[in-house]
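Derivation of every value follows stated rules applied to the coordinates shown; laboratory data play no part. What you are looking at is a predicted structure, and each value in this text was computed from that prediction instead of being measured. Reconstructed Cβ throughout: ideal geometry from the backbone, glycine too, with neighbour counts over all protein chains shown.
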Amino acid sequence: MELLDRETFLEWMERIMKRFDDLKQTAPDIPQRPMIDGEPLLDNQEVCMMLQVSKRTLQRYRDSGTLPYHIVYHKTWYLESEITAFMEHHFTENKKRRRKNRT
């Protein structure tokens with residue numbers, strides 16, 4: 001096996017870095033978080049953590065039509081505003097039931 005000398009190694013590294021720079025200039029900027037009409041999308045894990053439910057419960061919400069969702073490239077996404085509205089509606093409803101049962 002042949003070892004590279006320092007000069008050859010540095011030449012190769014320079015070529016690689018130039019290719020990275022060229023690639024960066026030609027590739028479009030990719031947003032950090034996927035969005036629809038400027039509104040951030042949440043994935044299954046994020047929604048499970050927000051609602052403090054399991055993946056299966058989240059699936060039940062989707063299947064029953066209780067929780068709106070979007071499928072983009074075979075991946076399920078949720079609009080942040082729809083999750084917030086879901087939480088406000090269903091968690092407020094549960095609070096009302098608890099108050100009613102206490103009296």
Legend entry - Breaking point among (1) within 26 Å of the chain's Cα centre (by Cα); (2) surrounded by 10 or more Cβ atoms within 10 Å (Cβ to Cβ), for D22: (1)
Inset, instruction - Scan segment 31-45 for residues that are assigned to a helix (DSSP H, G or I) and in contact (Cβ under 8 Å) with a residue 12 or more places away in the chain and jot them down. - result: N44
